[in-house]
Amino acid sequence: MLLRMSSLFLRTLRDDPADAEVPSHKLLVRAGYVRRVAPGIYSWLPLGKIVMENVAAVVRDEMNKMGAQEVLFPALLPREYYEATGRWTEYGDTLFRLKDRKGGDYLLGPTHEELFTDMVKGEYSSYKDFPVTLYQIQTKYRDEARPRAGILRGREFVMKDSYSFDLDDDGLKRSYEQHREAYIKTFDRLGIRYKICFATSGAMGGSASEEFLAPTPTGEDTFVACHSCGYAANAEAYTTTPPASVTGEHPALEVLDTPGTPTIESLVACMNSDHGMAITGADTLKNVVVKVTTPGSTKSEILVIGVPGDREVDFKRLEASLAPGEPAIFEEADFAKNPGLVRGYIGPQVLKDLGIRYLVDPRVVSGTSWVTGANEPGKHARNVVAGRDFTPDGTVEAAEVRPGDPCPRCGSEVSLDRGIEIGHIFQLGRKYADAAKLDALGPDGKPIRITMGSYGVGVSRAVAVIAEQWHDELGLVWPREISPADVHIVGTGKENQVEKALEIAAALEARGVRVLVDDRPSVSPGVKFKDSELLGVPTVLVVGRGLSQGLAELRDRASGEKQEIPIDEAVERIAALVEGPAA
RNA sequence: CGGGGCGUGGCGCAGCUUGGUAGCGCGCUUGCUUUGGGAGCAAGAAGUCGCAGGUUCAAAUCCUGUCGCCCCGACCA
């Protein structure tokens, strides 16, 4: 491959685009890899297209190596497939919907579980056919409420999704492990730093699920990591370690006057000054009311969540815990309709009588004593003992996770970081197989319900993540396998320098090296250097003022190292770099 | 959906308070000079000032409405 900048469809920008915030977005636009067309929708220019293909090629290679077979489904799909699994309605506004000329409902596929399942059902029917794993690299569509961060989170994006079909749980486990290994190899090759995190399976049901999160400051997912045992989990999947249950006598429950204390802060201050206590927010029990709806039903249930007063309820964690139920904030109007719930002074003592379900943080174990609301305006109670004065209906992971919280595996302190999801592996189980009645006929003549796994890699997102993790103040710094070229040859000013650059470029191309050569006439050296730094090709060869002494300059984009080399050795030196020490 | 900001040549922005010739930088075209760090000089091309209505002799500027976009939050791969 040989790209000449004199004719390459490329325009680099000196200024950051006004609408870009994150580094990958700014750089991919400035370096002329992508251009925005509509919110969350981007065009890929020649260099960007090459980079995306390179990422796709790595993903494809690793999928093929693990024995998966590539297929391709349409992006434009009729409603009926998503009707059968209920997702036409469940997916909500995120689904891009459209009508054909006859008024028939169509959608742009956000994922393709239904199609894969249906295809396997159509072709395979014997246990001898299984297991099988299929994948595709497709453009997906999600009408996100708020697309952001350029390529990182678009409404149109390229994704590799694969599905495994197995006869039993052990087979599913094997398929899952194979994908896990393949993903590790894939992301290693892509040069992405990542953390494999336990994840919640959410509304999709199923059991084991892990996310590959690439840590970056601009990430949207929060994950918990333990640096002593290596445990890592999406914040939604973090499990709180409950203290041992407490036995022993507590003084009787006592109701105190605490006027004007609807918040934990004011309550703590009042207790300590007016009632001779020495407590912190952690000694109080905060009770948060939510209403929960289940998809497909219009009724909502009132639910009270009890967490230690020093912690906020993390709505994402609560949602994950309650899935498929969807919690919503209890509003003024709701309180008005439920006079038993006194806003700011709710205590669990009366919930049983009100017939309201009460779930508590795992730290609220039997025998613990709390300061909490007395269900009357201006009054709180102390010595409210779990198991004596109230009995929760269960526990719930809803409280926020904080750095320093205990690791559920080894007890050390965990840290919190942000990351971007680049891969997700997921033991789906039989939800889709059940919906499609996907069976194989067993050796005994009886049908076996197939069990599935689903696995995704964000291909276009990976491009942005690599840019996010591999750049400096000068521009992009691509890992070689992803880079649009192996070497960027800069021929500065003088005509003979450009000629020599082209000559070396041709020789390298003949060796199978992918070359980008800056042969633009009458462009000043400064501009060419800046562009080479912005574009981020890993190796840069400058054919310039040294030419008359038979020298060229070899630069490493990542380290910034420069060295003068005899120009006659340039081809060999570069070929060696590209082919690697082993080859 | 809540909060904040912005719509002016391809890109980045000024002008709006106080109405009167549409301006700057980058990029682009032509010529000459220049050629190791986003060159210089000269001459050019390119804008329904988001849209609609109103006020006015006159609107990018004032008023009303509307559409769109970006950022933060809520929500999602």
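The values are calculated or read from the model by the stated rules, or taken from the named source; none is laboratory data. All of these numbers come straight from a predicted model, not from anything done at the bench. Glycine also receives a Cβ, built like all others from the backbone with ideal geometry; neighbour counts cover every protein chain displayed.
Give the number of residues within region A:441-458 that are crowded, with 23+ Cβ neighbours inside 10 Å and either outside any strand (DSSP E or B) or more than 14 Å from RNA strand B (Cβ to nearest atom) (or both).
Count: 4.
Does region A:414-432 contain at least one residue that is charged (D, E, K, R), touching an Asp or Glu at 6+ places or on another chain (Cβ under 7 Å) and over 30 Å from residue A:142 (Cα atoms)?
no
Inspect region A:510-529 for any residue being among the aliphatic types (A, V, I, L, M), more than 21 Å from residue A:33 (Cβ to Cβ), in contact with a Gly (Cβ under 6 Å, 6 or more places away or on another chain) and without any contact (Cβ under 8 Å) to a residue 60 or more places away in the chain and give the result as yes or no.
no
It is to be established whether one or more residues within region A:14-23 are within 20 Å of the chain's Cα centre (by Cα), within 13 Å of RNA strand B (Cβ to nearest atom) and part of a helix (DSSP H, G or I).
yes
Could you say whether any residue in region A:327-338 is within 16 Å of RNA strand B (Cβ to nearest atom), modelled with pLDDT under 80, touching a helix residue (DSSP H, G or I) at 6+ places or on another chain (Cβ under 9 Å) and in the same structural domain as residue A:268 (by TED's automatic domain parsing)?
Checked against the condition, which is being within 16 Å of RNA strand B (Cβ to nearest atom), modelled with pLDDT under 80, touching a helix residue (DSSP H, G or I) at 6+ places or on another chain (Cβ under 9 Å) and in the same structural domain as residue A:268 (by TED's automatic domain parsing), region A:327-338 yields at least one hit.
Quick one: is residue A:117 away from RNA strand B (no atom under 16 Å from the Cβ), among the polar types (S, T, N, Q) and modelled with pLDDT of 90 or more?
In short, no.
Being without any contact (Cβ under 8 Å) to a residue 40 or more places away in the chain and part of a loop (DSSP other than H, G, I, E, B) is the filter; apply it to region A:353-386 and report the residue that is farthest from residue A:284 (Cα to Cα).
Residue satisfying both the conditions and the ranking: A:355.
May I ask you to say which residue of A:551, A:541, A:516 is out of contact with any Pro (no Cβ under 6 Å at 6 or more places or on another chain) and more than 30 Å from residue A:13 (Cβ to Cβ)?
Exactly one of A:551, A:541, A:516 is out of contact with any Pro (no Cβ under 6 Å at 6 or more places or on another chain) and more than 30 Å from residue A:13 (Cβ to Cβ), namely A:551.
Identify the residue in region A:7-27 that is touching a helix residue (DSSP H, G or I) at 6+ places or on another chain (Cβ under 9 Å) and among the small types (Gly, Ala, Ser) and, among all such residues, is farthest from residue A:492 (Cα to Cα).
A:20
Out of all the residues in region A:400-434, which are of a type in the set (Lys, Arg), modelled with pLDDT under 85 and within 15 Å of RNA strand B (Cβ to nearest atom)?
Matches in region A:400-434: A:431 only.
Kindly list the number of the only condition in (1) under 28 Å from residue A:167 (Cα atoms); (2) at pLDDT 90 or above that fails for residue A:75.
(1)
Considering (1) more than 20 Å from residue A:544 (Cβ to Cβ); (2) assigned to a loop (DSSP other than H, G, I, E, B); (3) at pLDDT below 95, say which one residue A:493 fails and leave the rest.
Unmet for residue A:493, out of (1) more than 20 Å from residue A:544 (Cβ to Cβ); (2) assigned to a loop (DSSP other than H, G, I, E, B); (3) at pLDDT below 95: (1).
Return only the number of the condition from (1) in contact with a Gly (Cβ under 7 Å, 6 or more places away or on another chain); (2) not assigned by TED's automatic domain parsing to the domain that holds residue A:164 that residue A:424 does not satisfy.
(2)
Has region A:545-565 got any residue that is near RNA strand B (Cβ under 9 Å from one of its atoms), closer than 19 Å to residue A:578 by Cα and hydrophobic (A, V, I, L, M, F, W, C)?
yes
Tell me which strands (runs of 3 or more DSSP E) are completely within region A:192-284 and hold 1 or more residues being under 30 Å from residue A:168 (Cβ atoms), or say none if there are none.
A:195-198, A:209-215, A:232-234
Of the conditions (1) surrounded by fewer than 22 Cβ atoms within 10 Å (Cβ to Cβ); (2) within 15 Å of RNA strand B (Cβ to nearest atom), residue A:185 clears all except one; give me its number.
Only one criterion is unmet by residue A:185, namely (2).
Please identify the pairs in which a residue from region A:545-559 that is touching a residue at least 12 places away in the same chain (Cβ under 8 Å) and assigned to a helix (DSSP H, G or I) has its Cβ atom under 8 Å from the Cβ atom of a residue that is acidic (Asp, Glu) and within 11 Å of RNA strand B (Cβ to nearest atom), counting only partners at least 6 apart or on another chain.
That search, which allows pairs on different chains as well, returns A:546/A:553; A:546/A:564.
State whether one or more residues within region A:53-69 are more than 27 Å from residue A:432 (Cβ to Cβ) and either within 16 Å of RNA strand B (Cβ to nearest atom) or not in a helix (DSSP H, G or I) (or both).
yes
Out of region A:501-544, which residues are on the phi > 0 side of the Ramachandran plot and near RNA strand B (Cβ under 7 Å from one of its atoms)?
A:522
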